[in-house]
Amino acid sequence: MLTLRSLLRIATPPYIFQPLQVVKRLKLEYLWRSRREACIALPWGLPIKIDPHEAVGYNIASQGLYELGVTETLWRLTELGDLAIDAGANIGYMASVLGVRVGPKGRVICFEPNPQVFESLRENVEKWKKDGRCGTFDLQQAALGKETGTARLHMNDWFLTNRGTSWISDHVEDGKDLRVIEVPLRNLDRIVDKGGTIGVLKIDVQGQELNVLQGTAGFLERHAVRDIVFEEESPYPAPAHEYLKSLGYAVFGIAETFSGVQLVPNGQAPYNPEIGPIPNYLATANPKRAIQRLKPAMWRSFGPGKLLTGRKDKLIVRATGESFSDVEKRDDQTT
């Protein structure tokens, strides 16, 4: 499949025709490489402090975005007033998307078990709390799983170049570069009010996706989680896919195209097993809504398309005082 990145590589003229752009890029590269931290302005206006020497930070510094397909999916599916959960929040990039999209009346609960990464998350969120567009942030220095208690968090030398590579495991593993620490373990069924609902649940937990979902069973069984965006390294259908489908969720692979996100029904999300990235999926209790929201062309999380985000709905809500769900119900009845 022709992705946005591959098309841009094809469409970009050789550097010989872009001398000024090359000079500017080299200056930025030198600036980032000469510093251990940098503050980057994200397309939605929030600043984020990153380490340009590790994978997540380098991608944000060089592209202004990270995991474009997931970013766009969260941007389009999250509603004003939602409760959003970020499981595996890392330094907070996806939490910044959720924070802006839920709006001042919404809430974002972030889970990050690694103490070092959690400190970076906390520092970034402190800046965003001053932005009136954002919802309330609740930071939990803990891992999410099926049970509550403690878990063993593993790190090896890969963590030095990618701070998203620590993982939870009960197995005893060997390796001279391996470090293991004990961290708190929580499950969503005991954290979120039982009568409540979750608008968006984003999961990036290095192979623990099924455990996180099973720890949310009380909500999933009554479809009180509307949309779930999750990473899954195992080929489709993996146990996490089958578990969600058994509970009545529609599952889609998330594919990046030149004009936006494409949903792959009941299928493998496109990826390159040698260079990645790891595939991501959407599970939703309302597939009609998800398809409608992801269908319009142009990227809405960045660039000119961002100006089109929710324009019709915002005008209607301001004029009538209706909720976004009321607008959608009325639109469904008239189509």
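When you scan the stretch 13-34, do you find a residue that is open to solvent by 80 Å² or more (accessible area, probe 1.4 Å) and either modelled with pLDDT of 95 or more or of a type in the set (Ser, Thr, Tyr) (or both), even just one?
yes
Just one of the numbered conditions (1) assigned to a loop (DSSP other than H, G, I, E, B); (2) at pLDDT 95 or above is not true of Val125; which one?
With (1) assigned to a loop (DSSP other than H, G, I, E, B); (2) at pLDDT 95 or above applied to Val125, the lone miss is (1).
For residues that are assigned to a strand (DSSP E or B), more than 16 Å from Leu201 (Cα to Cα) and hydrophobic (A, V, I, L, M, F, W, C), tally how many sit in the stretch 251-297.
Selection size over the stretch 251-297: 4.
Working only within the stretch 200-224, note down all residues that are over 20 Å from the mean Cα position of the chain (by Cα) and at pLDDT below 95.
Across the stretch 200-224, there are no qualifying residues.
Looking at the structure I just gave you, is Cys134 at negative phi, under 19 Å from the mean Cα position of the chain (by Cα), in a loop (DSSP other than H, G, I, E, B) and buried (at least 20 other Cβ atoms within 10 Å of the Cβ)?
Yes.
If I go through the stretch 72-121 residue by residue, how many of them are out of contact with any strand residue (DSSP E or B) (no Cβ under 7 Å at 6 or more places or on another chain), farther than 18 Å from Arg133 by Cα and open to solvent by less than 20 Å² (accessible area, probe 1.4 Å)?
2
Can you pull out the residues in the stretch 142-199 that are at pLDDT below 85, hydrophobic (A, V, I, L, M, F, W, C), open to solvent by less than 30 Å² (accessible area, probe 1.4 Å) and not in a strand (DSSP E or B)?
Correct list: Phe159 only.
List the number of the failed condition for Ala297; all other conditions in (1) modelled with pLDDT of 85 or more; (2) open to solvent by less than 70 Å² (accessible area, probe 1.4 Å); (3) closer than 30 Å to Arg222 by Cα hold.
(3)
Might you let me know whether the stretch 304-315 holds any residue that is open to solvent by 50 Å² or more (accessible area, probe 1.4 Å) and either modelled with pLDDT of 95 or more or within 18 Å of the chain's Cα centre (by Cα) (or both)?
Within the stretch 304-315 (the criterion being open to solvent by 50 Å² or more (accessible area, probe 1.4 Å) and either modelled with pLDDT of 95 or more or within 18 Å of the chain's Cα centre (by Cα) (or both)), the answer is yes, since at least one residue qualifies.
Inside the stretch 236-258, can you point out the residues that are open to solvent by 20 Å² or more (accessible area, probe 1.4 Å) and in contact (Cβ under 8 Å) with a residue 60 or more places away in the chain?
Within the stretch 236-258, Glu256, Thr257, Phe258 meet the criteria.
The values are calculated or read from the model by the stated rules, or taken from the named source; none is laboratory data. All values reported here derive from a predicted model rather than from experimental measurement. All Cβ positions, even for glycine, are placed from backbone atoms using ideal geometry, and neighbour counts span all protein chains on display. Side chains are part of the model used for accessible areas, which takes the heavy atoms of the whole protein and leaves out ligands, DNA and RNA. Shrake-Rupley method; radii C 1.70, N 1.55, O 1.52, S 1.80 Å.
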